[in-house]
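Take a look at the structure below.
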Amino acid sequence: MADIQVFNTLTGKKEVFKPLSGNAVTIYDCGPTVYDLSHLGHARTFIVWDVVQRYFRHAGYDVTYVRNITDVDDKIINRARERGINPDQLARQFTFEFWRDMKSLNVLPPNFEPRATEYISRMIDFAQELVSKGFAYESGGDVYFDVAKFKDYGKLGKQNLEQLMHGAREQVRSQEDLKAAKKTPLDFALWKHSDQNDLGWDSPWGRGRPGWHLECSTMIKHVLGESIDIHSGGEDLVFPHHENEIAQSESLHSKPLAKYWMHNGFIQVSAEKMSKSLGNFQTIQDLLVNYSADTIRLLMLQTHYRNPIEFTAESLIGAKTAVSRLVRAASYAKSNGSEKIDLKKSEDQNIKTFASEFEEAMNNDFNTAVAISTLFAFADKIQQADEKLRPAYAQALKAYANLLGLQLDDNRRILDTTTASRIMDLVVELRQSAREKKDYATSDLIRKQLTALKINIMDIAGGGTDWEKL
């Protein structure tokens with residue numbers, strides 16, 4: 001089994017990946033907070049970690065991939081209040097929308113997808129244990145983690161406590177009520193009290209709901225265990241979310257929460273992070289109206305996952321053109337009635353070289369940008385290859401493209417309903433023109449061919465023609 005190098009945010013360097021236990025790999029990916037439609041920034045995050053888990057499986061590892069759903073959060077509560085509906089109703093609606101988006105993008109479903117609301121009682125237990133061990137305290141119905149009790153706080157984001165305290169003071173100046181509740185501005189909520197009429201659950205500290213950071217730590221513990229191999233997410237989660245997960249989990253269990261921490265970069269629009277709060281986002285559903293899943297995936301993967309992507313309309317158009325180039329080469333896989341080949345046993349030197357170069361790129365911290373360049377180089381080789389070799393080469397191209405979630409389906413001759421309808425109108429117009437010119441042979445031929453396709457041509461009294469599907 002080849003060595004796979006991963007960049008570990010915790011150590012700030014690439015490391016050879018070695019699982020905690022044998023051949024098993026446990027991955028936890030921070031999933032969506034379901035209060036709105038997903039945008040291109042979400043697409044990048046979940047496409048990246050989809051590729052990572054696909055490649056680990058290809059490399060022979062036994063992967064358990066977990067992606068959570070945050071279905072209780074202030075954003076959900078506030079949005080539901082704006083719409084005059086129950087928060088659970090809003091969360092369910094956008095959970096289904098998220099699932100639809102992921103399926104449309106060919107993102108594989110995780111092995112487990114825990115929802116925060118399924119683990120409330122366990123979150124309460126988690127917080128109680130931290131309180132009993134002196135790492136957390138109750139204040140006015142809230143429970144806060146005492147950051148000063150965790151000596152390694154800031155190790156993920158590479159900041160010391162003094163730097164973080166200064167930033168926290170700036171952050172909370174408008175939150176006067178929290179100053180009195182917390183021992184220090186950095187202390188974060190494990191449990192937040194709520195009014196009787198607001199969303200909440202009963203707890204030893206009164207009615208309330210869990211803090212966001214507590215949700216993930218609890219779900220990791222009960223789905224995967226106290227220590228996992230990889231914790232992944234967007235780079236915006238390094239601080240405070242992942243930093244706080246480390247503090248509460250490692251305080252409770254006295255062992256590392258994750259061996260490797262991996263984070264993807266942002267998508268930027270005019271050098272700003274794409275986000276709902278900035279209003280500069282494109283929803284996945286809007287993009288899929290005009291662009292295929294392969295186009296969106298290629299755009300996301302042409303840049304190394306840790307680097308930012310500058311999003312423009314031109315970049316999408318370029319990705320669409322590039323996908324067409326791969327599709328044309330992959331289309332030879334279905335020619336000559338060729339049978340499936342076992343790529344791992346292939347003795348063809350071109351296939352072996354292509355596979356080696358692709359895997360070398362992916363073994364280097366999942367460098368999809370370089371891996372994609374090998375796809376295009378091999379696609380060019382397919383076009384130049386002997387006709388007898390093309391089917392096997394095209395199968396190899398599709399197989400390795402699929403490790404990136406690219407399907408390369410040849411839909412070039414599949415028309416959408418609107419386009420097909422316009423073409424039919426054109427055919428009817430040509431037939432009408434033939435009739436007017438008394439070219440009955442052409443007119444009858446068009447009618448006969450369309451009838452064979454179960455399309456009925458109707459000549460209207462007084463001139464004109466219409467059509468309908470039989």
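The values are calculated or read from the model by the stated rules, or taken from the named source; none is laboratory data. All of these numbers come straight from a predicted model, not from anything done at the bench. Cβ: placed from backbone, ideal geometry, glycine included. Neighbour counts: every protein chain shown.
Applying the criterion of being charged (D, E, K, R) and not assigned by TED's automatic domain parsing to the domain that holds K352 to the residues of region 378-412, the residue that is farthest from the chain's Cα centre (by Cα) is R412.
Condition check ((1) over 30 Å from K344 (Cα atoms); (2) in contact (Cβ under 8 Å) with a residue 24 or more places away in the chain; (3) not charged (D, E, K, R)) across all residues:
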residue: Q407; (1), (2), (3): no, yes, yes
residue: T419; (1), (2), (3): yes, no, yes
residue: I423; (1), (2), (3): yes, no, yes
residue: L430; (1), (2), (3): yes, no, yes
residue: D444; (1), (2), (3): yes, no, no
residue: L450; (1), (2), (3): yes, no, yes
residue: I455; (1), (2), (3): yes, yes, yes
residue: I460; (1), (2), (3): yes, no, yes
residue: D466; (1), (2), (3): yes, yes, no
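When you scan region 365-377, do you find a residue that is buried (at least 17 other Cβ atoms within 10 Å of the Cβ) and hydroxyl-bearing (S, T, Y), even just one? Yes, because at least one residue in region 365-377 is buried (at least 17 other Cβ atoms within 10 Å of the Cβ) and hydroxyl-bearing (S, T, Y). Residues in region 123-155 that are under 15 Å from S254 (Cβ atoms) and under 33 Å from the mean Cα position of the chain (by Cα) were compared, and the one that is surrounded by the most Cβ atoms within 10 Å (Cβ to Cβ) is L130. Restricting attention to region 93-120, the residues being closer than 26 Å to Y291 by Cβ and among the basic types (K, R) number 2.
Of the helices (runs of 4 or more DSSP H) lying entirely inside region 104-185, the ones with 1 or more residues being among the hydrophobic types (A, V, I, L, M, F, W, C) and either outside the structural domain of H253 (by TED's automatic domain parsing) or modelled with pLDDT under 95 (or both) are found at 161-172, 176-181. The set of residues from region 81-91 being in a helix (DSSP H, G or I) and surrounded by fewer than 15 Cβ atoms within 10 Å (Cβ to Cβ) comprises R81, E82, R83, D88, Q89. Looking at region 302-330, which of its residues are among the β-branched types (V, I, T) and assigned to a strand (DSSP E or B)? Listed by number, the list holds a single entry, I309. Residue count for region 372-398 satisfying the condition of being within 20 Å of M300 (Cβ to Cβ), of a type outside the set (D, E, K, R) and in contact (Cβ under 8 Å) with a residue 40 or more places away in the chain: 5. Regarding R57, is this residue touching a strand residue (DSSP E or B) at 6+ places or on another chain (Cβ under 6 Å) and free of Cβ contacts under 8 Å to residues at least 12 places away in the same chain? In short, yes. Per the listing D101, D50, D29, D71, the residue uniquely under 18 Å from the mean Cα position of the chain (by Cα), touching a residue at least 40 places away in the same chain (Cβ under 8 Å) and more than 25 Å from H304 (Cβ to Cβ) is D71.
From the set of residues in region 445-470 that are of a type in the set (V, I, T) and surrounded by 11 or more Cβ atoms within 10 Å (Cβ to Cβ), which is modelled with the lowest pLDDT? Checked region 445-470; the qualifying residue modelled with the lowest pLDDT is T465. Selection over region 372-396 of residues that are in contact with a Leu (Cβ under 7 Å, 6 or more places away or on another chain) and among the aliphatic types (A, V, I, L, M) gives a count of 5.
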